[in-house]
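The values are calculated or read from the model by the stated rules, or taken from the named source; none is laboratory data. What you are looking at is a predicted structure, and each value in this text was computed from that prediction instead of being measured. Note: ideal-geometry Cβ built from the backbone for every residue, glycine included; neighbour counts use all protein chains shown.
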Amino acid sequence: MCGIAGFIDFHKRSSENDLSSMSDTLVHRGPDGSGLFFEENGDFSLGLGHRRLSIIDLSDTGKQPMSYRNLHIVFNGEIYNYNEIKSELSKFGHRFNGHSDTEMILHAYETWGEKCLDRFIGMFSFTIFDRTKNELFCARDRAGVKPFFYYYHDGIFLFASELKAFHVHPRFKKELNISSAAAFLQHGNVPGPHCIFKNCLKLRPGHFLKLNLRSKNVLEEPYWNVYDSYNKPKLNIGFEEAKKETEHILSSAFRYRMVSDVPVGVFLSGGYDSTCLSAILQANGVGKLKTFTIGIKDSKLDEAPYAKQIAKYLGTEHHELYCDENDALNLIPMLPAVYDEPFGDQSAIPTMLVSKLAVRDVKVALSADGGDEAFGGYNRYGFLLKQGSWLNSIPSPLRNLASSIMGTVKAERIPYFGDTYNFANRYEKLKLLLRDPSPENFMLSLSKQYSQKELKKLLAINTEEPETLYNKKFLKNEFHTGLSYMMAIDYQTYLVDDILQKVDRATMAFSLEGREPFLDHRIIEFVARLPDSYKYNKGVKKYILREIVHKYIPKEMMDRPKMGFAIPIENWLDKDLKSLVLDHLSPSNLKSSGLLNQKQVEELLNGFFNGKKEFALKIWYLLMFQMWYKKWMV
């Protein structure tokens, strides 16, 4: 894994020094080496920059930018089946200088063009300058594991693995995209393909981009979509056969993620996903697996003892680190630099901590993200199936009447419940769901921290809600179920914009390569077509995955509530971070950004510090935005 950056400047005002500066901002992504490709002709100046984290082919034959005939590439990621593809290409007469996957991409692109993407099993974002076609070709992996940002305005096209590379280019205009900032306040991330800056976008997962260097036109097209699998009939397959085939695909995906010329480890939380990954790998004879866990002292939500128990049972070489609150709090000032687009998921902190631990012993770590989205693991899925069914059983006139009555009564005036934790938020969501208890409305309601009404009051500037994949209806009616709908939406929104950004930046901050075995596209292509009952069975989430895990780990060792690393965000904001909150959300700093309504922010702060702890996440998002703004915009 590496960092890539570059430009096409049709005004020819960009220099090799500009390219070097862009590349240098990504040194944390690739401390093992760097390379530049720069040329200028009559029509444009072009730069390709690369920072190398040596994982496969540690020799000089793996250096980038890499050239082959009229093709020049910078590549971030791994193609795990590159040896099989090289064997296929060898039959066409291709010869290779080294054994890197980068070299294979160039030969594959020359042979198959954009269709080469269909053959790749891996995580990737790359840019190829095709001198013959006079074209820039950019691509991103199917799930969106590897990031790719691009900026196109006034004759300058910039691309990079992280936004910070744009800031050092003299022709980048850092203009705040107000609608993206508003979307961040609702979701805790900026939903793709949008970006926090104007004229800037994220290349969508499963897409490629072509920039024609003659016409200067950009064309972005899909080559893969998760709905291609959801929009097929469910497989007529028995549970035991489905379980066997699922395990077979999982085993293949997991083994591929062990391909490396440097040490590999696994983030082990003790939950079903990471246990499944560790158990199958250990059973497949990969040697003594290195596993890593972070624990937190004095917490009832500490999973580290369970992870240790699992590791002992499997016989892994287990590493754990217990941190106190200061270890976590000390990372907070780093967040705006690491996450150079506003980011509100506080679990970034433990992810950074476990990455810092793992990099002492390995250079690659496997993370078990994607299991919830593929196998139906989130609590909201159960909530939809139970509460959605109940609400839809109520006649529409009665639901509308109840919603109207609730609209005349404020939440705090409800006897007994009015003062209970988070009641006001739930009250407002219930009003909306009574009017429309569809899966689509459930998804929007559960994914937003602020309602549209609250957001309008919070913003000091009027803006329109950006169109996102939350609003798209790609699932065909004949294949539509509530569970399929929510899982498909999560796979292309929350997974990409939150989880994968979190892991990529957290691992790369410590020059650690993070890999995502559950996001092998073959897994979702098969599991999406399994009956819903194989994933959510009589209230049991991830049913088929659990049954696979119970082959390796006793069921009684695994059966416990889903936990996760405890982030006491309410206590932090009320105590340790109070001065930070009051500083960044002060009238002068709010005026500096100009986005937020000062009076509304004061009401939220007063409510929180006077006991309304359900406002904690709202305030955390405000804090993260203001800290980001101060770092990158002032």
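Yes/no matrix, rows are residues, columns are (1) buried (at least 20 other Cβ atoms within 10 Å of the Cβ); (2) part of a loop (DSSP other than H, G, I, E, B); (3) of a type in the set (D, E, K, R); (4) at positive phi:
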| residue | (1), (2), (3), (4) |
| --- | --- |
| 234 | no, yes, yes, no |
| 251 | no, no, no, no |
| 270 | yes, yes, no, yes |
| 285 | no, yes, no, yes |
| 309 | no, no, no, no |
| 320 | no, no, yes, no |
| 328 | yes, no, no, no |
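For the range 344-352, check the following and say yes or no: at least one residue is touching a strand residue (DSSP E or B) at 6+ places or on another chain (Cβ under 6 Å), at negative phi and at pLDDT below 95.
The answer is yes; a qualifying residue exists.
Of the numbered conditions (1) assigned by TED's automatic domain parsing to the domain that holds residue 538; (2) among the β-branched types (Val, Ile, Thr); (3) within 24 Å of residue 540 (Cα to Cα), residue 489 satisfies every one except a single condition; which is it?
(1)
Show the residue pairs meeting these rules: Cβ distance below 7 Å; 6+ apart or different chains; first residue within the range 480-499 and farther than 20 Å from residue 204 by Cβ; second residue small (Gly, Ala, Ser) and surrounded by fewer than 24 Cβ atoms within 10 Å (Cβ to Cβ).
482/388
Quick check, is residue 314 closer than 22 Å to residue 517 by Cα and touching a Leu at 6+ places or on another chain (Cβ under 6 Å)?
Answer is no for this residue.
Select the helices (runs of 4 or more DSSP H) contained entirely in the range 543-631, then report the ones holding at least 2 residues which are among the acidic types (Asp, Glu).
In the range 543-631, the matching helices (runs of 4 or more DSSP H) lie at 569-574, 598-609.
So how many residues does the range 1-48 have that are among the aliphatic types (A, V, I, L, M) and surrounded by fewer than 16 Cβ atoms within 10 Å (Cβ to Cβ)?
The total comes to 1.
Do you know which residues across the range 117-128 are part of a helix (DSSP H, G or I) and touching an Asp or Glu at 6+ places or on another chain (Cβ under 9 Å)?
Once the filter is applied, which keeps residues that are part of a helix (DSSP H, G or I) and touching an Asp or Glu at 6+ places or on another chain (Cβ under 9 Å), the range 117-128 yields 117, 119.
Give me the residue from the range 210-232 that is of a type in the set (A, V, I, L, M) and in contact with a Phe, Trp or Tyr (Cβ under 7 Å, 6 or more places away or on another chain) and, out of that set, surrounded by the most Cβ atoms within 10 Å (Cβ to Cβ).
The qualifying residue surrounded by the most Cβ atoms within 10 Å (Cβ to Cβ) is 226.
Take the residues of the range 129-156 that are hydrophobic (A, V, I, L, M, F, W, C), in a strand (DSSP E or B) and under 24 Å from the mean Cα position of the chain (by Cα): which is nearest to residue 501 (Cα to Cα)?
Of everything passing the filter in the range 129-156, 149 is nearest to residue 501 (Cα to Cα).
Consider only pairs whose beta carbons are under 6 Å apart and that are at least six residues apart or on different chains; among these, list those whose first residue lies in the range 114-135 and is in contact (Cβ under 8 Å) with a residue 24 or more places away in the chain and whose second residue is buried (at least 17 other Cβ atoms within 10 Å of the Cβ) and basic (Lys, Arg).
Every condition considered, the pairs that remain are 123/146; 124/146; 125/140; 125/146; 135/210.
For the condition within 24 Å of residue 72 (Cβ to Cβ) and assigned to a strand (DSSP E or B), what is the one hit in 166, 159?
159
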